[in-house]
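Let me begin by presenting the structure, written as C-alpha cells, before commenting on it.
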Amino acid sequence: MSLRKVFEEHPERRYIMFGGKGGLGKTTFSAATAFWLAQQGYRVLVFSVDPQASLSDIFQRDIFGKGAVEIIPNLYAQEIDADQRIKEYQDTIRAKIREMYGLDQVPEEIENYIQAAAAEPAMEESAIFDAVVDIVVSQEYDYYIYDLVPLGHALYYLSMASVYDEWIDKITALRAEMEEYAQVAAILQRKKELEEDAILRELQYIKERINKSSSILTDRERTAFFFVVIPEEMAILDTKKAAGLFAKYNVPLSGYIVNRVIPESLASQEIPEYLRHRLAMQKTHLATIQRELGDQVLAYIPELERDITGLPMIEKMANEMFGG
Ligand SMILES: Nc1ncnc2c1ncn2[C@@H]1O[C@H](COP(=O)(O)OP(=O)(O)O)[C@@H](O)[C@H]1O
Ligand SMILES: [Mg+2]
C-alpha cells in the first residue's frame, strides 16, 4: 500500500490529518498533500489550528487571520486567529444581551463576566474549535487538511467536544443569572414574556455543530489520519504510545509515514565517519519500524537538502510523497 493508493482508493476520505510529535513534518506533509491534491484538480483547504501556525512560513505568504487565502488555483490555506474569534464572541454576546433586554449598554457586572470568561484557557480552545467547525461544515472544499498541533495538544483537541460542553454549561449558568436580572428588566419594560428561548435555541445550535464536527473527526468513512514518525528511538516509542491513545478516541488510523530518512545509497560512497555512523543507527531504527509497523508504513520520505518552504520545495516534497 502506498500513500497515493490510499487517496485513490478512498476518495470518500476527505478530512485529512497528520499527527505526531512536534518538528517531525506534520505541517510539511499537510502543505505538500494539499498541493498534490490541488494539482489533481480537487479544491483543497489546508488550515492550521496551531497558535504558532507555520503555514505562512511554508507558503511564504502572510495568511494569519485572513480567512482562506488562495495559494495556487484550487489550493487554499488558512490560519485561524483565536484571539480575533474570541473578540467576535464577546461582541455577539454583548449584542444579544443588549437586544434581548432592550439596553443601550451591557451592565457592568455582565461586562465583567464577559471579560473574565474570555481570559479562561478553555475559551481559546473553544474559539479554535468553533472556527474549525465553521470550516468543516462549510462543504466548500473537496478536501480539508488539518495542520495539527503537536501530539499532546492534538489529543486535547480531539477531546474538545467535552471542553466545549463545559463552556456551554457556563453560558447556561450565565443565562440563569441573567434571568433574575431579566425579570426586573421585563417589569421595567412592561414586557410580559421574554424571548428566553432565543438563547436556548442558540445552545442547541452549537451542540448540533459540535456533534457534527466531532463525528467527522472519528468518522472511519470520511477521515484519514496519518502518523508521522522519524527513524529515531524516542520518536518511535512516542508514536507507539500516541497511536494507542488515539485509538481510545476512536481516531481512524490510515497508516504511518516515515520522514527524514537519510538516503542509504550514501553508504556506498566516500562519506565521513559521522554520517556512516548515523546511517548505521538509522538502519537499526528502520528495522524496528519495519518489524513493528510493517505494512502500515505508506511512505519513506528522504531528508531533503534543505527545509521545505516555498512552492518549488513543496512540489518536490509532494513528488516524494505521491510519486512524480
Ligand atoms: N524530509 C525533510 N527534509 C528536510 N527538511 C524537512 C523534512 N521534513 C521536515 N523538514 C523540516 O523540518 C522542520 C519541521 O517540520 P514541520 O513540518 O514544521 O514539523 P511539525 O509541523 O510536525 O512541527 C521544518 O523546517 C521542515 O521544513
Ligand atoms: Mg506544524
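Every number in this text was worked out from the coordinates using simple rules, so none of it is lab data. Note that this is a predicted model, so its numbers are computed, not measured. Backbone-built Cβ (ideal geometry, glycine too); neighbour counts: all protein chains shown.
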Cβ-derived FRET efficiency at R0 41 Å, residue 134 paired with residue 233, nearest 0.05 | 0.50
Links that overshoot a 29 Å alpha carbon limit, given the list 21/248; 96/248; 66/248 = 96/248; 66/248
Quick one: Cα centre-to-centre distance for region 73-89 and region 234-299, in angstrom?
-> 34
Determine the shape class of region 258-324: with a ≥ b ≥ c the square roots of the Cα gyration tensor eigenvalues, call it rounded for a/c under 1.5, and otherwise prolate if a/b is greater than b/c, oblate otherwise.
-> oblate
Would you mind putting 226-235, 109-118 in packing order, based on average other-beta-carbon counts within 10 Å, highest first?
-> 226-235, 109-118
Extension gain, residue 245 back to residue 280 (0.36 nm per residue minus Cα-Cα distance, nm) | 9.5 nm
Once you put a point 7 Å from the Cα of residue 109 and another 7 Å from the Cα of residue 8, both along the Cβ direction, what distance in nm separates them?
-> 6.7
Estimated distance in nm for a label pair at residue 269 and residue 309, the labels positioned 7 Å out from Cα along Cα-to-Cβ = 2.6
Whole-Å semi-axes of region 1-99's equivalent ellipsoid (Cα gyration tensor) = 30, 16, 14
In nm, spacing of pseudo-spin labels at residue 96 and residue 40 (7 Å Cα→C-beta vector) = 4.0
